[in-house]
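Read-outs: derived from the displayed coordinates by stated rules, not from any lab. None of the values given here were measured: they were computed from a predicted structure. In this analysis, Cβ positions are derived from the backbone assuming ideal geometry, glycine residues included, and neighbour counts consider all displayed protein chains.
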Amino acid sequence: MLPAALPIRYSLSDVSLGDWIGLRRHFGLQTPDPRPFMGEAEVRMIRGHLRPGDRMLEWGCGGSTLEFSTHVARYCSIEHDARWHGRIRAAIDARGLTNVSLLLVPPDLPLAGVPNYARAPAERYAQFRSYIDAVGRFGDVTFDRVLIDGRSRPECAAAALPWLAPDAVVFIHDFFNPKYDIGPYHTLVLRDYELIDAVREGQTLAVFRPRD
């Protein structure tokens with residue numbers, strides 16, 4: 001049996017990301033007060049780029065939604081998992097975060113077989129087309145900051161381009177994780193974006209600006 005209360009830290013180095021997320025979701029440890037599953041350096045770096053008047057977009061909701069939405073004017077998040085979406089929606093409501101818009105956009109194809117990140121770009125897009133393109137569902141708005149921490153990350157980065165404000169900054173979590181160290185995965189992002197900052201330890205974080 002789990003203890004009544006477990007301390008939730010920003011990172012657990014001895015537990016894999018997939019296992020930790022699975023445990024959190026299974027036992028409900030993400031409610032009512034989840035925190036970003038990121039290293040402290042990653043959280044600090046993102047916070048350092050946020051401004052009170054920013055409009056922020058996110059693919060992949062979670063503790064990051066609850067944390068970073070308190071530092072910006074408007075926060076728009078897209079999630080593919082219905083159960084996770086429901087829990088985070090409840091946490092948003094419990095905190096009274098009225099500046100958050102949270103969309104549930106299920107995958108277009110089943111999540112089976114080869115993991116999404118290891119698929120070819122066309123397959124990743126086909127599997128999450130509606131999720132990727134959901135950036136257009138928030139109305140006529142441009143985004144100052146974007147956090148990509150969900151599925152089909154290179155395709156989300158490409159989809160964000162038309163919706164970016166002139167001084168936009170884009171964060172991609174886990175960018176230097178070895179499992180994502182696949183030529184086309186990184187090449188697709190670096191074709192359109194310039195790396196301006198990074199955390200290369202822990203789960204890792206890459207910070208980009210669009211190329212001119």
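Okay, here's what the table says:
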item: Ascending count of other beta-carbon atoms within 10 Å, so fewest first, for ASP192, ASP93; result: ASP93, ASP192
item: Nitroxide proxy distance, nm - points 7 Å out along Cα→Cβ at HIS49 and ARG209; result: 1.1 nm
item: Peptides ranked, highest mean first, by Cβ atoms within 10 Å: ranges 164-177, 146-159; result: 146-159, 164-177
item: For the stretch 192-198, 3J(HN,Hα) per residue [Karplus equation, 6.51 cos²θ - 1.76 cosθ + 1.60, θ = phi - 60°, Hz, x = Gly/Pro]; result: 10, 10, 10, 6, 10, 6, 6
item: The stretch 37-210 - Debye-derived log10 I(q)/I(0), Cα point model, q = 0.13, 0.15 Å⁻¹; result: -0.59, -0.81
item: Descending Cα extents along the principal axes, the stretch 106-150, whole Å; result: 36, 17, 16
item: Amide H contacts under 5 Å for LEU103, placed H, 5+ residues apart; result: SER77, ILE78, GLU79
item: Phi to ³J(HN,Hα) by Karplus 6.51 cos²θ - 1.76 cosθ + 1.60 over the stretch 130-136, Hz, x for Gly, Pro; result: 5, 5, 5, 7, 5, 4, x
item: Gyration tensor over alpha-carbon atoms, the stretch 64-151, equivalent ellipsoid semi-axes in Å; result: 25, 15, 11
